[in-house]
Amino acid sequence: TFAIYNHAATGNFTPLPAAGGLGHSLMLTSWMAKVPIDSLITYGMTGKVDSAVAESGMVEQITEINKKAGVPEDTIFVTVESYPDNQTRVVVNRLLMEGAIQNIKGDIPGYLTVVASNALRMWFSTHLPRWIPWPIRIGLVFQGIAIFVLALIGIGVFLWRHNWRDSLAALFMIGSFGYCVVTLSFLHTEARYTIPFRLFLLLFAAYGLV
């Protein structure tokens, strides 16, 4: 629906914001192999540049892009709303896309590692607030991994025991997992993006456990 609207309104057939979005996400992903996620979250939420961000070279790259776009050098690139108008957003999105592709070409193994990590961590929260006691944080991460593994077992057992032609609803649920991995793992992603599908994950985890 968003893609059709964007095509009718702007001539740009995309489900993403027509004036930008993809470049911002890909740029963030291209730095995830070099900068700890906690540091990237802090930068994106507050603009604070800690030692990990400062030493990575990311700030210099974003500063140069902001200069070319004619906006303040310290503009936080993470969201399109940081930029004043659609014309600027289109320019910034293009520059971020070009910069992100350069980063990825310079470290393809690192980027593929991030993609593989995204495919797993999008199904449960792996980065929890520091104020939560570490035993609870470890327990929550373990719970997420256990549910994920049980769901894979449940899917395997289900497909082994059932004729897929009689189980289109279940195949739709399984297909939704693949859809999320294919469309989200190559970009910056968060566990909240898969919330609508996680009931299916719990369903198969319960089936696998039984």
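The values are calculated or read from the model by the stated rules, or taken from the named source; none is laboratory data. Owing to the predicted nature of the structure, the values given are computational and were not obtained by experimental measurement. Cβ coordinates were reconstructed from backbone atoms using ideal geometry, including for glycine residues, and neighbour counts include every protein chain displayed. Please note that ligands, DNA and RNA were not included when accessible areas were found on the heavy atoms of the full protein model with its side chains. Shrake-Rupley method; radii C 1.70, N 1.55, O 1.52, S 1.80 Å.
Using a cutoff of 8 angstrom between alpha carbon atoms and counting only pairs six or more residues apart, the relative contact order for region 1-154 works out to 25 percent. Based on protein heavy atoms only, the chain ends up with 59 Å² per residue of surface accessible to a 1.4 Å probe. Note that the chain shows a convex hull volume over its alpha carbon atoms of 146 Å³ per residue.
Among the GluC sites (Glu not before Pro) within region 1-101, those in coil by DSSP and having at most 12 neighbouring Cβ atoms inside 10 Å are GLU73.
Between ILE195 and LEU209, the distance separating the two model label sites (each 7 Å from Cα on the Cα→Cβ line) works out to 2.2 nm. Only helices enter this figure: runs of n ≥ 4 DSSP H residues, each worth -39500 (n - 2.57), summed and divided by the residues of the chain, yield -21500 deg cm²/dmol at 222 nm to the nearest 500. Note on exposure: LEU96, LEU187 ranked by accessible area (1.4 Å probe, complete protein assembly) read LEU187, LEU96, with the most exposed listed first. Ligands, DNA and RNA left out, the 1.4 Å accessible surface of the chain is 67% carbon and sulfur atoms. DSSP H helices in the chain with Cα extent of 24 Å or more along the helix axis and mean Kyte-Doolittle hydropathy at least -0.5? Sorted by number, the helices that extend far enough and score high enough are 86-106, 134-161. Taken along its principal axes, the alpha carbon cloud of region 1-46 reaches lengths of 40, 20, 15 Å, longest axis first. Calculated FRET efficiency, ASP107 to ASP74, Cβ-Cβ distance, R0 = 35 Å: about 0.90 to the nearest 0.05.
When the Cα gyration tensor is reduced to axis lengths a ≥ b ≥ c, the ratio a/c is 1.5 or higher for region 129-201, and with a/b not above b/c it is classed as oblate. Taking 0.36 nm per residue of separation and subtracting the current Cα-Cα distance, fully stretching the chain between ASN163 and VAL182 would add 4.3 nm. Using every pair of separate Cα atoms, the Kirkwood estimate puts the hydrodynamic radius of region 25-64 at 10.0 angstrom.
When only the Cβ of Lys, Arg, Asp and Glu is charged (+1, +1, -1, -1), the dipole of the chain relative to its Cα centre reaches about 600 debye. At full extension, ASP38 and GLU64 could sit 7.0 nm farther apart than now, given 0.36 nm per residue minus the alpha carbon distance. Region 97-166 and region 13-48 have their alpha-carbon centroids 18 Å apart.
Full extension of the chain between THR14 and PHE142 gives 42.4 nm of extra length, using 0.36 nm per residue less the Cα-Cα distance.
Among ILE132, ILE65, ILE174, the largest mean-square fluctuation in a Gaussian network model of the chain (Cα springs under 10 Å) belongs to ILE132. When you restrict to C-alpha pairs under 8 Å that are six or more residues apart and normalise by the size of region 80-210, the relative contact order lands at 38 percent.
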